[in-house]
Structure formats: C-alpha cells, structure tokens
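Below is one structure, written out as structure tokens; the observations come after it.
The values are calculated or read from the model by the stated rules, or taken from the named source; none is laboratory data. Since this is a predicted model, take the numbers as computed values, not measurements. Counting neighbours? That spans all protein chains shown, and the Cβs are built from the backbone with ideal geometry, glycine included.
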Amino acid sequence: MLGNELLQGKLVYLTRPTPEDIPVIAGWSQDTEYYRMLRRGLSYPETPESYSEWFAEMVNQQSGFPFSIRRNDDQRLIGWLALREIFWQARHCTFAIGLDRAERGHGYGTDATRVALRYAFLELNLNRVGLDVMEHNEAGIRAYHKVGFVDEGRLRALVYRDGVYYDMLNMSMLRSDWERLYNQPAISYLADGAAPV
C-alpha cells in the first residue's frame with residue numbers, strides 16, 4: 001500500500017545502518033554535548049564496535065529496530081534513531097534519536113520522528129511509543145511536542161550534570177493519538193505531503 005514511502009519523509013528517509021555508517025555514528029559520541037543530551041549516565045565516548053553490537057543485538061533479538069537517518073537531497077547520513085525495548089505482547093516500545101549537531105535546527109529530527117512513528121504504528125502494529133528526555137534538552141522537548149508526543153510525568157532529580165540535578169520527562173504517543181493527528185488512513189498524510197501539527 002505505501003511502497004517505498006513507508007520510510008520516506010519530506011526531508012529525510014530511514015535506512016538500515018550500514019557498516020560504513022557505524023564509525024560515523026560512534027564518532028558523534030566524541031562530542032560531549034551531543035552525548036550528554038543522549039544519555040543520562042556517565043559521558044564516555046563509544047566505539048564503532050559497541051554501536052555495531054548494540055544495533056545487531058536489537059535486530060537479532062527482535063527487541064528493536066535501529067535506523068540511519070539520511071537527507072533526501074544528497075543521501076548524506078545525518079543521524080540515527082531506534083525503536084527499541086519492544087514488548088510485543090503489550091505492543092509498546094521506547095524511542096531514541098541522535099542527530100549530528102551540525103544538522104540540528106532544520107526540521108530533520110522532527111521529520112525522522114514522524115517517519116519512525118508511521119513505521120511503529122503501521123508496520124510493527126504497536127500501540128504506544130514512549131520516550132524519556134532530560135528537562136534541559138529544550139530543543140528536543142519542543143520537537144517532541146511538535147510531532148504530538150504527550151507529557152506523562154517526570155522523574156525528579158534523576159540526571160546529574162556539572163553539579164546540578166535535572167528531572168527526566170516521560171512522554172508518549174498512542175496509536176489513537178497518531179491516527180487523530182495524522183488523519184488516518186495514513187494515505188492522507190502522504191498525499192498532502194505535510195502532517196498537521
């Protein structure tokens with residue numbers, strides 16, 4: 001029904017990470033600011049092998065699906081995302097995304113998140129996609145709200161950075177939220193080329 005459009009957005013498309021992608025993705029973890037937005041624990045640069053093992057474990061155990069994010073105009077790798085920690089019986093997962101710092105602020109992350117949600121709800125038949133975001137990641141919070149994620153709660157003083165404790169915010173989108181926001185059937189989202197916000 002959707003053909004190749006399933007993993008295609010307005011600005012980016014998703015692909016399975018290639019062996020050539022992994023060192024680039026791991027290289028972004030050398031950027032402390034990038035890595036501290038992504039992880040709540042200690043910041044310690046990752047190796048290509050650790051990313052390769054993590055992605056392979058997700059796929060092999062069918063507990064998640066990692067993707068590379070590529071720009072439509074030049075096919076350049078600009079980030080990665082994963083639908084992970086999938087619980088098939090209850091039909092939910094968690095979402096994670098990392099974007100090259102040089103590519104932020106252009107709508108790529110928002111577009112990639114919309115594509116990932118379409119994949120989660122239409123291809124994987126999930127009912128809920130959840131995520132955690134640190135309260136100091138204001139750009140990430142704005143992007144998640146723009147896509148339609150709903151605030152669920154917060155874990156107080158969970159993250160420690162440079163002598164300050166920060167809350168972790170919990171957000172989610174249900175399939176019913178997505179259908180309401182993106183005018184199911186999904187063809188309407190693809191036909192007009194833009195999702196309502």
Subject >> Answer from R40, R84, R16 - the residue that is under 28 Å from Y165 (Cβ atoms) and within 15 Å of the chain's Cα centre (by Cα) >> reply: R84
**OP:** Examine the stretch 54-73 for a residue that is of a type in the set (S, T, N, Q), closer than 22 Å to A139 by Cα and surrounded by 19 or more Cβ atoms within 10 Å (Cβ to Cβ), and state whether such a residue exists.
**Re:** yes
Subject >> Failed condition for L99, given (1) surrounded by fewer than 20 Cβ atoms within 10 Å (Cβ to Cβ); (2) under 23 Å from R161 (Cα atoms) >> reply: (1)
Original post:
Filtering the stretch 1-47 down to residues that are assigned to a loop (DSSP other than H, G, I, E, B) and of a type in the set (D, E, K, R), which residue is surrounded by the fewest Cβ atoms within 10 Å (Cβ to Cβ)?
Top reply: E20
Subject >> Positions within the stretch 48-68 being in contact (Cβ under 8 Å) with a residue 12 or more places away in the chain and not in a helix (DSSP H, G or I), in sequence order >> reply: Q62, S63, G64, F65, P66, F67, S68
Subject >> Neighbours by Cβ (under 6 Å, 6+ apart or cross-chain): first from the stretch 156-168, under 18 Å from G140 (Cβ atoms); second among the charged types (D, E, K, R) and modelled with pLDDT under 95 >> reply: V159/R40
Original post:
Within the stretch 34-44, is even one residue touching a helix residue (DSSP H, G or I) at 6+ places or on another chain (Cβ under 6 Å), among the polar types (S, T, N, Q) and at pLDDT below 95?
Top reply: yes
Original post:
Of the residues that make up the stretch 99-110, is at least one touching a strand residue (DSSP E or B) at 6+ places or on another chain (Cβ under 8 Å) and within 18 Å of M171 (Cβ to Cβ)?
Top reply: yes
Original post:
When the stretch 117-128 is examined, which residues are found to be out of contact with any Leu (no Cβ under 6 Å at 6 or more places or on another chain) and either surrounded by 13 or more Cβ atoms within 10 Å (Cβ to Cβ) or in contact (Cβ under 8 Å) with a residue 40 or more places away in the chain (or both)?
Top reply: L117, R118, Y119, F121, L122, E123, L124, L126, N127
